[in-house]
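Novice: Once you've had a glance at the structure underneath, I'll fire off some questions.
The values are calculated or read from the model by the stated rules, or taken from the named source; none is laboratory data. Just so it is clear, the structure is predicted and the values come from calculations on it, not from any experiment. Cβ placement follows ideal geometry from the backbone for every residue including glycine, while neighbour counts extend to all protein chains displayed. Keep in mind that these areas ignore ligands, DNA and RNA; they rest on the heavy atoms of the full protein, side chains included. Shrake-Rupley method; radii C 1.70, N 1.55, O 1.52, S 1.80 Å.
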Amino acid sequence: MKQEARQRLIFALDVDEFAAAEAWVKKLHTNVGLFKVGKQLFTRCGPDVVRMVQAHGGDVFLDLKYHDIPNTVAKAAVEACKLGVKIFNVHALGGLEMMRKTVAEVDAYCSSAGVARPMLLAVTILTSSTAETLQEVGIDRSVEEMVVRLAKLAKAAGFDGVVASPKEAVLIRTACGDNFAIVTPGVRPTFAALDDQKRVTTPTEAIAAGATALVIGRPISAASNPLEASGKILAEIESALAT
Ligand code: C5P
């Protein structure tokens, strides 16, 4: 049960140096199954940081949010597969063809290479966007409508799930059914500060709303004892899964 919960806890490696990233992975890997490598750390350290996480027994969520012409995204996705990442993501706003081609090329590569296919996630609307942000780019629809629309599009393309706010999880679960991953940042255990996250839920609430995995950074990294904080979150995930 702990192993299942561990695979659902993703630590955001929001640091800019290889040594700092490695120190976090060494410290947390017994409680944390996946480490999220984003644009800053990957731009600084490159694929070596992915290999470092794997060498310490962790898996990687490569959070590069690809958004480009279908061929370019599909080729980048195949490179993510070659790196052996467990999860990577694209922007669903790139469209159905972009996502379909990505799924097709990833499937073809992974079956010919005999490697496990990563989980493909789509970002719907960034949680930093509001109705005003959408209007500025010519989208006269509500954020909620767009989130559901793009989640369904990702599902239709063969994607495994989405990254979403826990506040959107119920809507997405209802629209996309049970067999669809919902990975949620914006999670704050009761013992942690809100930081700059405005709309947060606890791990228990996020899982009850339909989240399948949680991305958590500062509630662990800013804790006086990060390993203990990650252990508390892991225990909370474990008991939420059991109910
Ligand atoms: O420290 P904290 O737990 O807020 O970190 C959450 C992580 O999830 C950060 O890496 C942040 O960039 C990312 N994220 C987010 N909200 C989103 C998408 C990603 O907080 N909507």
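Novice: If you count, for each residue, the other Cβ atoms within 10 Å and average over each peptide, how do 39-45, 101-107, 190-196, 166-172 line up from highest to lowest?
Specialist: Taking the mean over residues of other Cβ atoms within 10 Å, the ranking is 166-172, 101-107, 39-45, 190-196.
Novice: Tell me the per residue accessible area of region 2-242 using a 1.4 Å probe; a whole number in Å² is fine.
Specialist: Accessible area per residue, region 2-242: 45 Å².
Novice: Still on this model: With the contact rule set at Cα under 8 Å and sequence spacing of 6 or more, what percent relative contact order holds for the chain?
Specialist: About 18 percent, as a whole number.
Novice: Excluding A156 itself, what net charge comes from residues whose Cβ is under 12 Å from its Cβ, given Lys and Arg +1 and Asp and Glu -1?
Specialist: For residues surrounding A156, the net value is +3.
Novice: Return the long-range amide H neighbours of A12 (sequence gap of 5 or more, or a different chain), with a cut-off of under 5 Å between placed amide H atoms.
Specialist: Amide H neighbours of A12, under 5 Å, 5+ apart: K36, I216, G217.
Novice: Moving on to the next point. At 0.36 nm per residue, and after removing the present C-alpha to C-alpha distance, how many nm does the segment from R199 to D107 gain when stretched out fully?
Specialist: 29.5 nm
Novice: Compute, for the chain, the length of the dipole vector about the Cα centre, with Cβ point charges of +1 (Lys, Arg) and -1 (Asp, Glu) only. Units Debye, rounded to 20.
Specialist: 360 debye
Novice: Quick one, could you list the DSSP H helices from the chain stretching 18 Å or more along their long axis (Cα atoms) with average Kyte-Doolittle hydropathy of 0.5 or above?
Specialist: 143-156, 226-242
Novice: Need one number: nm distance between label points at L83 and T190, each 7 Å from Cα along Cα→Cβ, rounded to one decimal.
Specialist: Each label point lies 7 Å from its Cα, and together they span 3.8 nm.
Novice: Starting from the amide H of H91, placed 1.01 Å from N in the peptide plane, find each other amide H under 5 Å away whose residue is 5 or more places distant or on another chain.
Specialist: For H91, whose amide H was placed from the backbone, the distant partners under 5 Å are Y66, H67, V123.
Novice: Compare the peptides 130-138, 207-215 by average per-residue count of other Cβ atoms within 10 angstrom and give them in order, highest first.
Specialist: Final packing ranking: 207-215, 130-138.
Novice: With a point put 7 Å past each Cα toward its Cβ, work out how far Q3 is from V137 in nm, to one decimal.
Specialist: In this crude spin-label approximation the distance works out to 4.1 nm.
Novice: Follow-up question, since we're still on this one. Where does the chain land at 222 nm, in deg cm²/dmol rounded to the nearest 500, when only DSSP H runs of n ≥ 4 count, each adding -39500 (n - 2.57), divided by all residues?
Specialist: Helix contribution divided over all residues of the chain: -14500 deg cm²/dmol.
Novice: Take peptides 157-165, 4-12, 113-121 and line them up by average Cβ neighbours within 10 Å, highest first, as a rough protection proxy.
Specialist: Going by the mean number of other Cβ atoms within 10 Å, highest first, we get 157-165, 4-12, 113-121.
Novice: Rounded to the nearest 0.05, what FRET efficiency do A175 and A19 give with R0 = 41 Å and r taken as the Cβ-Cβ distance? Could you check?
Specialist: After rounding to 0.05, the efficiency reads 0.45.
Novice: Rounded, prolate or oblate, given the Cα gyration tensor of region 2-242, with a/c below 1.5 counting as rounded?
Specialist: oblate
Novice: Roughly how many whole Å is it from the C-alpha centroid of region 98-141 to that of region 1-58?
Specialist: Each part's Cα centre sits 22 Å from the other's.
Novice: Pick out, in residue order, every one of the trypsin sites (Lys or Arg not before Pro) in region 107-157 that is DSSP loop and has at most 15 other C-beta atoms within 10 Å; say none if there are none.
Specialist: R141
Novice: Quick one: pull the percent of accessible area on the chain belonging to carbon and sulfur, 1.4 Å probe, ligands and nucleic acids left out.
Specialist: 52 percent
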